[in-house]
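See structure below.
Every number in this text was worked out from the coordinates using simple rules, so none of it is lab data. None of the values given here were measured: they were computed from a predicted structure. Positions of Cβ are backbone-derived with ideal geometry, glycine not excepted, and every protein chain shown enters the neighbour counts.
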Amino acid sequence: MMVAKIGVRSFLRQRRRNSFTLIAVMIGSAGLITLGGFVNRWENTLTNSSIYVNQAGTYSVYKRDGLLLAKTRPKTHAFSLEEQNKLTSFFAGDPQVEYVGRLLTMQGLVSNGCSSYPFEIKGYEPELFTKLRNRPEVLKWCFEILGLGEGLPFSHYQNKAVVGVAKGLAKSLNKNKVIKNADAAAPLVTDFNAYCHAPDSKQKIATDANLQIMGVTLGGQFNASDVDIAHYYTTGTTVSDYSELTAPLSLVQNLYDTDRVSSLSIYMKSPQASEETARGLKDKIVKATGIDVDVYPWNNELISPVYRGIMDFIWMMGLFFSLLIGSAVILSVVNLTTISVLDRSREIGTLKALGFRTGSIAYIFLVESLLIGTVGSFAGLGLSLLTNAFINEMNIQYFPTGFSGSAQFWITPDPLISFSILLFVFLLVTLSSLIASYVLSKRSCLELLTHNGG
Amino acid sequence: MFVKIALRNLLLYRKKSLGALLSIVIAFVSLSLFEAYMHDVQSMFEATFSQRQMFADVLIERDGTENPGRTGLDNESMNVTEQAWIESYVETQKESVQARVRFLNIYGYIANGNTKSIFAGLAYDVKEGAAVRGSKYGWNTYAGVPLDQANDPAPIIIGKGLAAVFSCTTHSAGPQLNGVVGYSSIARPFDCPEQLAQLQVNTESNQSNAMDFKIQGLIASGMSGVDEHLVMIPLDLAHKLFNTQLVSYMSISMKKGTAIDAWIETFNARASGDHLKIKAQRWQQHEMGRMFVDSIDFLAIFRNFVISIILVVVTMAILNTFIKIVHERTREIGTLRSIGFRPSFVISIFVFEALFLALSGGVIGVIASFAGQAMCNSMGLAYKAGFLSEKVPFHVTINPADFIWITGLVSVLTVVSTLAACVKTTRQPIAEIMADH
């Protein structure tokens, strides 16, 4: 008890000297927590965006090779209605499955009457999507990509001939109106050449919310449909933002004259998924239904290339930066604590001369370093909380690589990662001080009392 | 004399000085390796955009277009008059212009056997394009040959994803092309069940048209999500297929030593003077270069963040060391003051000591940085850099010029820490200094 008392007293007495170590510990841990908070923000945003907003589900189930070929060879690589029913009943029996979504992704050309652009249209079930986008985790992490411009989700429209247009494609098509705010109905044009090359063609095209979408049916016939724009959205990435459309599943099935779907998205209660669990699920499906399928976890590179590309980059960068900050903190803290202990050689010598054993002296320093570690770590946590709250409050916008819009510089530390950082810094301070004091207190009294600290 | 005393003190208090030296070296190595990482990422992206994507140095297109870099067969692409003006201007600039490439964005359906898919591709001047890609990216197909090497009168190269849809196969995994290394100029064999691909399009006047092309090579664009629809064909064939003379944009490769910004300024002034709505700009300022600028800005935010933390932590260590050094030498300071040395002289001794320490830290830091570089580059780590579809090796590339500002920065840091530690003590009355100890 007395030894602990001496340790506490010593900590208070040496407060000026200890303040340098405290500041280093505080800044270092706050920096690492903030860095972890940045990585955590993107991990959560991209995870929820991949699973729920992009509707990959926890697992994506395709017919064998369907991921590559369902869009271009749906007859052979998309699920028939019978197969869909078999699979849906299989998943209905699994208590871990929350929802099963059906997606039909096809290709075609979209035109504003004057120019055509290729698109990939994703047909989904509007009611399920409304449920998914209203999940608390989606609202929390994906707020930047949930906006629908001035439009509304498909489930709000009686008319099912509606599409969602990705913002980049909308720009190419020179469209910015949605059904409810369109200035005019689609014009009846007889001479497209004159209409499209008129000086005011751009303004005319922009006044209505009408588009024509064209595709080749499964029977090989060209088909087209007049559609209205229900909303604009962002896919989150520059590349896909210029080529994507969405629509209710029924519209896409009508356009391509089919009842097939490209894939089923399985939403499990837990988002944890790996290639191994996907393989296990595939085996079960094949055994139970006899349908040859490919099952991909949501974080597979082919299913969520955006997640993998961005997170690989952020993790690599974050680890490299943490390594740099970590080495600076480690060496500086070890330097500070060692010098601090060395500086007190005479004090150690005096304690030894008074009869304190090596263990007791090391214990005094341990108490002192425990206090430094605790105060420093908590101060670091406090500083990071304050800094992060300040940064988040400022709503700083920046353009992450390849992201189609700006994103908030939002720091949200993960409690587990933050705790690990604090524990690491705490142990670093404690152990470096303990080792230095233990080594020093093993020296003889004479040596310690005559030591000049240099 | 300052120098002598300072050097002597460094040796005399070498244990403590070593502590400060270590902190300086850490700061130096951290900063230089960080900058080295930034340089590597920058050069990787620059090569990808400038050479591989053939953006060269300058991009020219319609001014004020809604879709920079993405215009196709619409009013926003450059017409024949504008192109002719640019051609004649470039002709007068032979001393500064190396090559110019014209591009047209093309869209439509591509059919191969029984498979039909949409395409979003690029038509360009093949010879000039090869010149802009240079030796590193001249050979831009991972299988087959680039357009400029093709013998067929109607050649086409298709993206990796599209090749998979058409069941085209290569005999080996082939080399990986990324921002660091290019392909070797070898026609690696590939097989497509159907060698002919038909492009079905709408012409500029909205008429349907189609043309057969022979698949000559397979290309990986380097950008995720692009390869699934990518095709590349010669510009003259595209003009014939789409029955147009439009050009989406042009890229200009400048000769070494050309003042690019001045060239752009003159070009824009002349074009404006001739009432043409065309604009030249560096590709980095163009919408298509936004990914590059965003990446570098993003890294810069982190650089500032990391530098701030490292500097504060290291300053604490240096400050602490110098406070101890000064404290232990209070008697020495008192003695110097009592024999007539002014406070500024004593402070100068400490400042010189700090400077020597910073310079020694710089020298050791340079060696340690190169060792760090060798270590990082030999680890063989590869990662996906954002939207580049192929993994890139984790490399750092030290730029020796960085050593100058880093040495300057750590020197200032060390000197300021030293001043903070010694000014108060040296300015005290001599009796107080001697009594304090």
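Values computed for the structure shown
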{"quantity": "Kirkwood-type radius of region B:57-183, with distances r between different C-alpha atoms, in Å", "calculated": "17.2 Å"}
{"quantity": "Rg to Rh, two decimals, where the protein assembly as shown supplies the alpha carbon set and Rh follows Kirkwood", "calculated": "1.07"}
{"quantity": "Kirkwood estimate for chain B, i.e. one over the average of 1/r between Cα atoms, Å", "calculated": "26.0 Å"}
{"quantity": "Scattering curve values for region B:232-359, log₁₀ I(q)/I(0), Debye with Cα scatterers, q = 0.10, 0.11 Å⁻¹", "calculated": "-0.67, -0.72"}
{"quantity": "Label point 7 Å beyond Cα of B:ILE430 along Cβ direction - residues of region B:335-374 with amide nitrogen under 11 Å", "calculated": "B:335-342"}
{"quantity": "Relative contact order computed over chain A (Cα-Cα under 8 Å; 6+ residues apart), in percent", "calculated": "28 percent"}
{"quantity": "Label-point separation, B:PHE341 to A:SER274 (7 Å along Cα→Cβ), nm", "calculated": "6.5 nm"}
{"quantity": "Distance from region B:208-247 to region A:249-272 (C-alpha centre basis), Å", "calculated": "31 Å"}
{"quantity": "When each of B:LYS256/B:LYS391; A:LYS63/A:LYS284; A:LYS71/B:LYS214; A:LYS63/A:LYS86; A:LYS131/A:LYS177 is checked by Cα-Cα distance, pairs over 19 Å", "calculated": "B:LYS256/B:LYS391; A:LYS71/B:LYS214; A:LYS131/A:LYS177"}
{"quantity": "Unit Cα scatterers, Debye sum, region A:202-345: log10 I(q)/I(0) for q = 0.14, 0.15, 0.20, 0.21 Å⁻¹", "calculated": "-1.01, -1.08, -1.29, -1.32"}
{"quantity": "Under the Debye formula (equal points on every Cα, no solvent term), log10 I(q)/I(0) of region B:282-437 at q = 0.09, 0.18 Å⁻¹", "calculated": "-0.49, -1.13"}
{"quantity": "Rg(Cα)/(2.2 N^0.38 Å) for region B:286-342, N = residue count", "calculated": "2.24"}
{"quantity": "Centre separation in Å (Cα based) which lies between region B:1-80 and region B:105-145", "calculated": "32 Å"}
{"quantity": "Student exercise, the protein assembly as shown dipole from Lys, Arg, Asp, Glu Cβ charges, in Debye to nearest 20", "calculated": "4220 debye"}
{"quantity": "Region A:225-282: Cα Rg divided by the 2.2 N^0.38 Å rule of thumb", "calculated": "1.56"}
{"quantity": "Highest-MSF residue in chain B out of B:ARG133, B:ARG337, B:ARG52 [GNM, Cα springs under 10 Å]", "calculated": "B:ARG337"}
{"quantity": "Range of Cα positions in region B:1-130 per principal axis (Å), largest first", "calculated": "81, 48, 29"}
{"quantity": "Kirkwood Rh and Cα Rg combined as Rg over Rh, evaluated for region A:1-87", "calculated": "1.54"}
{"quantity": "Charge dipole of region A:55-300 about the Cα centre (unit charges at C-beta), most positive-ward option of A:GLY57, A:ASN254, A:PRO95", "calculated": "A:PRO95"}
{"quantity": "Relative contact order computed over chain B (Cα-Cα under 8 Å; 6+ residues apart), in percent", "calculated": "27 percent"}
{"quantity": "Any cysteine of the protein assembly as shown lacking a neighbouring Cys Cβ under 4.7 Å - listed by number", "calculated": "A:CYS142, A:CYS445, B:CYS376, B:CYS422"}
{"quantity": "Overall Cα dimensions of region A:122-174, principal axis frame, Å, largest first", "calculated": "34, 25, 20"}
{"quantity": "Computed E for A:ASP65/B:SER88 - FRET, C-beta separation, R0 45 angstrom, nearest 0.05", "calculated": "0.25"}
{"quantity": "Nearest-20 debye value, region B:56-283 charge dipole, Cβ charges on Lys, Arg, Asp, Glu", "calculated": "480 debye"}
{"quantity": "Choice from B:ALA120, B:ALA420, B:ALA358 showing the highest fluctuation, given a GNM over chain B with Cα pairs closer than 10 Å", "calculated": "B:ALA420"}
{"quantity": "Structure-based [θ]222 nm, chain B - -39500 (n - 2.57) summed over DSSP H runs of at least 4, per residue, nearest 500", "calculated": "-16500 deg cm²/dmol"}
{"quantity": "FRET efficiency for A:ASP292 and B:SER378, using Cβ-Cβ distance with R0 set to 41 Å, rounded to 0.05", "calculated": "0.40"}
{"quantity": "Overall Cα dimensions of region B:56-283, principal axis frame, Å, largest first", "calculated": "54, 42, 30"}
{"quantity": "Kirkwood-based shape ratio for chain A, expressed as Rg/Rh from alpha carbons", "calculated": "1.19"}
{"quantity": "Cα-centre dipole for region A:1-101 with unit charges at Cβ (Lys and Arg positive, Asp and Glu negative), debye to 20", "calculated": "1020 debye"}
{"quantity": "Cα centroid separation, region B:288-352 to region A:18-83 (Å)", "calculated": "42 Å"}
